[in-house]
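Below: one structure, written as C-alpha cells.
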Amino acid sequence: MSRILRIAIDTPLRRLFDYLPPAHLNVTPIPGIRIEVPFGRRRVIGVLIEVTDHSEVPESKLRRAYQLVDNEPVFDEHLFNLLQWSAQYYRHPIGEVCAAALPGALARGAALTASRECWQLNREIFAQAQAALPRNATRLHALLNHLSDGAWHDATSLSGIYPEWRAGLRTLEQRGYVQHTLKADTRPIDVASPQGTPLKLSGAQQEAVRRIVDRVGQFATLLLHGVTGSGKTEIYLQAIDAVLQRGAQALVLAPEIALTPQLVARFRNRFSHPIAVLHSGLNDSERLSSWRDARNGQARIVIGTRSAIFTAFKNLGLIIVDEEHDASYKQQEGFRYSARDLAITRAQRHGIPVVLGSATPSLESMWRVRQKPDDLLALPDRAGGAQTPTLKLVDLRQHAANQGLSTPVMMSIRRHLDANGQVLLYLNRRGFAPVLFCPSCGWSAPCPRCDARLTVHQRRHKLICHHCTYEQPLRNECPSCHAEVKAVGQGTERIEETLQKIYPDAPLVRIDRDSVSRKGELDATLAKVHAGEAKLLVGTQMLSKGHHFPEVSLVVILDADQGLFSTEFRASERLAQSILQVAGRAGRGDRPGEVLIQTEYPEHPLLQRLLNEGYIGFAEAALQERQHAHWPPFSRIALLRAEATTLSVATQFLHKARHLAQQPHSKVKIFGPAPAPMTRRAGMHRAQLLLHANSVGPLQNLLASLLPQLEALPDAKKVRWSVDVDPIELF
C-alpha cells in the first residue's frame, strides 16, 4: 500500500482525513506542511499531521492530494506538538485548531515566506535585443537599458521608468530577452528611533527583573503581583532587553486590542529592535506580514492579543502575559482555549520562563504560587513614590443618587475639577438605560430573540439587545396600554448627559464600544485625555485596564453591586478585580488619588475585605470558599452545552449524554442537564451539563470516550453542541 497522508482539515469533524500523496511525488512529505486536497467538491488547504502505512479506508477509495503547498513545516516542532496537545485537551477538531493558529491568508494557501517578483536581462543577447527592437520602441529600450546591469530588479526598481512597465516586460519576456522569478523578500522591517531610556528601579523591581533574567533558558511560571502603578511594564521592558541581548525573541500578550496601542508605543520608544503586532483588528496582509516576521526571526518582539499565542517563532526566549487575570484570554466560541494557560504550556515545551503579571491575579495563579512561593514576584508599592489611592464607600441608602450620582460624589467631582484634576467615572453598562419601562402596566421592552431586555440607546434612537444585537426603533408609548414609557436605570450614555448638565465647563469624553467603535477613535480619545483636553472620563471596562492617566485624581465606581449576589462561582473574584483595577487609575502621578464606591450594601463582606485587607486578603478568603465548595482550582470542570430551536430538544440530547457519561466507579460527578441561566439567546434555547472531577485525568478520560459516542447519536444532528474544558463562565 502507498504511504498514506493523514491531514487535518478545517471542519467540525473530530478526525483526520486520509489521502494518497500527490502524483509523481518523489519524497515523503514532512508533517506540519500544508497540502492542497480535494474535499467534497472543493479544493481546500489542510495540514499534514502524520504519514502512515495504514488506513481504515481501502486504498481504492482514497483520493489523491493535489499538491504540496510548502517545502518545510509551517510550525516548528514545539508549536506543532502544542497544537495537537491543545486539540486533545480542549477536545476540539484538530483541523479547526490548526486553522485558528494560522493567519487567514496562510490558511487559504498564501506563501509561507514573503517573496517579490524580480526580472533579469539575459546579458548575452543584450546587443541583439537592442538591434532587434524597433528604434521607435522607446519604452522597451528604456526597460532594456535599466536592466542592462544584469542584476535582478523588483517592482520598486522598475515602477519609476513609466506607468505601464509591466506590459513592456511581458513583451521582453515573450521574446526571450528577460527572465522572471520570485525571490525571498528579506527587506528589513522599519524601526523607529527609540527615545526612551530605562527607568531607575526600586529594590523590589530590581529583584523582580533579576529573578526573571536568572530563569531565562529554563521553564518557570512567575507571577508578577504588583499593585496598580507599581511599574510592571518597566519590569517587562528590562527583562525583555536581557532576553534580546541573548539573541532570543519575546512574546507579550495583552487582553484586548484597546490596550495594544499604548503598549506598542512604550516598547517602540524603548527598543531599536523590530516589533510585530498581532490582533484581530489587523487586515489579512498586516497579520500575515507580522506572522512571517516573527517566524523568520526579523521581529524580535511580538505584541498581541489572545491568538498571538499561536505565533511561530525562530527563537522564543520569554513569554509575558499582561493582566493575566483577564477573562478575555479565554476564547468563548469555537476553539475554546485559554491563551494564558497555553502560554504556560508553551513555555514549558520551549524550556523558557513565562511571566504572569497582574495587580489582581486570578485565584488559579494565586493558588499556584501558594504551592511554589519562590515563583512569586511581589511589588507592594507604587513606582516613583506615588501613593496608593484611598478607597471610600458611599452608602446609597443614606445618599440617594440623582441620575446615578449621589451628593457626596457630585461634591467630590467639583472639588477635584476645581483643583484641575481629571475625574474618571466607571460604569460597566453601555447605552443610555438598561430598561424601557411602562409605569402604568409594568411592561418593559423585551428582546424577541433572547431572555433579556432591550437597552435604550438614546442618541441612536434605538432599542438594542446587547446579547444578540437585535435592534428596533425607540418607542415613546407602551404597546400594551399606550401610556408613556420611560428609560429606567443608568448607562454610560446617560451618565455622560447628566455630567454635561451639572459640569458644563468640564470637557468630557466617553469611552465604550459605542463611542470608539471606528478605527483610530480610541487613540484620538486617549490622546485628548493625556493632553489634558478632557477633564471628565466616563467609560466601561475599556477604561479600567492598564491605562496610565497621571492626572486622574478621583475615580468613581458608580455601581459596585453588580456581582455581589450572583450565583456564578467566579462573580466575586471578577467584581473584586474590576473594583481594584479601575481604582488603580487614580493617583498614578503627583496628585494623591481618591476612589469613591457607590453601593447599597456597604456592610457586604467582599467590599469590607477589599477596603480593609486589600486583594491578598480577599483572595485568601475566596480560595478558602472555593476549597470548601470544591470549585476550581481545587477541582477540574468541563461544560457540555447544547442549543436547539426548542429547549426540550436540547435537554433531550443532554439527557442521553448524561446516560452515556455515567460509568461504574467513575470519579467524575455529573450535574444537570439544566437550562442555561439565559435560556433563550439569539432565537436558540440553551441547556448545559456540568462535569466535575477532583483532577484532570478522570475528566479527560471521560471526555475522550464520551465525545465520539455523542457524535454518533442521531440527536446530535438536531442540536448545536460543544464542550468547554476549564470554562470561566457557567452560562
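Observations
- When only the Cβ of Lys, Arg, Asp and Glu is charged (+1, +1, -1, -1), the dipole of the chain relative to its Cα centre reaches about 1200 debye.
- ³J(HN,Hα) computed for each position of segment 265-276 - Karplus, 6.51 cos²θ - 1.76 cosθ + 1.60, integer Hz, glycine/proline x: 4, 5, 5, 5, 6, 10, 10, 8, 7, x, 10, 10
- Annotation note: trypsin sites (Lys or Arg not before Pro) in segment 497-566 located in DSSP loop regions with a Cβ neighbour count of at most 10 within 10 Å are Arg518, Lys519.
- Cβ-derived FRET efficiency at R0 35 Å, Gln67 paired with Gln128, nearest 0.05: 0.40
- Ellipticity estimate at 222 nm from DSSP helix runs (n ≥ 4, -39,500 (n - 2.57)) divided over the chain, nearest 500: -9500 deg cm²/dmol
- Residue exposure sequence - Trp119, Trp291 - by fewest surrounding Cβ within 10 Å: Trp119, Trp291
- Relative contact order of the chain, pairs being alpha-carbon contacts under 8 Å that are 6 or more residues apart, as %: 10 percent
- Normalising the average separation of contacting C-alpha pairs (under 8 angstrom, six or more residues apart) by the number of residues puts the relative contact order of segment 115-184 at 55 percent.
- Rounded to 0.05, the FRET efficiency of the Arg42 and Ala400 pair, given R0 = 51 Å and the Cβ-Cβ distance, is 0.20.
- Arg108-Glu533 FRET efficiency (beta carbon distance; Förster radius 35 Å; 0.05 resolution): 0.20
- Solution diffusion estimate, µm²/s, Stokes-Einstein, the chain, Kirkwood Rh from C-alpha pairs, 25 °C, viscosity 0.890 mPa s: 84 µm²/s
- Shape of segment 636-725 from the C-alpha gyration tensor: prolate (a/c of 1.5 or more and a/b above b/c, with a ≥ b ≥ c the square roots of its eigenvalues).
- Tilt relative to the chain, helix 77-89 - C-alpha long axis, 0 to 90 degrees, to 10: 50 degrees
- Electrostatic tally near Thr360: other residues with Cβ closer than 10 Å to its Cβ, Lys and Arg +1, Asp and Glu -1, net -3.
- 0 to 90° range, to nearest 10: angle between helix 284-295 axis and the chain longest Cα axis: 80 degrees
- Proximity of backbone amide H atoms, modeled 1.01 Å from N, is registered between Thr455 and Ile464, Cys465, His466 at under 5 Å, excluding neighbours fewer than 5 places apart on the same chain.
- Tilt relative to the chain, helix 339-350 - C-alpha long axis, 0 to 90 degrees, to 10: 50 degrees
- For segment 4-107, the spread of Cα positions along the three principal axes, ordered from largest to smallest, is 34, 26, 26 Å.
- Inter-label distance, nm, simple model (7 Å from Cα along the C-beta direction), Thr28/Cys441: 7.6 nm
- Stokes-Einstein diffusion for segment 417-530 at 37 °C, viscosity 0.692 mPa s, with a Kirkwood radius from C-alpha pairs, works out to 209 µm²/s.
- The residue list Ala638, Val668, His685 was ranked by how far each Cα lies along the charge dipole of segment 636-725 toward its positive end, using unit charges on Cβ atoms, and His685 comes out on top.
- Diffusion constant of segment 115-184 at 25 °C, which comes from Stokes-Einstein with the Kirkwood Cα-pair radius and 0.890 mPa s, µm²/s: 204 µm²/s
- Set of lysines with alpha-carbon distance to Lys528 below 30 Å, sequence-local pairs under 8 removed: Lys200, Lys232, Lys392, Lys462, Lys501, Lys519, Lys545
- Each of Asn136, Leu62, Leu558 was placed along the dipole of the chain (beta-carbon charges, centred on the mean Cα), and the one lying farthest toward the positive end is Leu62.
- Proximal aspartates and glutamates relative to Lys717, as straight alpha-carbon distance under 12 Å, when same-chain residues fewer than 8 apart are discounted: Glu643
- Volume in Å³ per residue [convex hull over Cα atoms, computed for segment 191-297]: 125 Å³
- Debye intensity ratio in log₁₀ form over the Cα atoms of segment 589-693, taken at each q of 0.10, 0.14, 0.17, 0.25 Å⁻¹: -0.53, -0.78, -0.89, -1.21
No value in this document is a laboratory result; all are computed from the given coordinates. In this text the structure is predicted, and so the values were computed from the model without any measurement. Note that each Cβ is placed from the backbone with ideal geometry, even for glycine, and that neighbours are counted across all protein chains shown.
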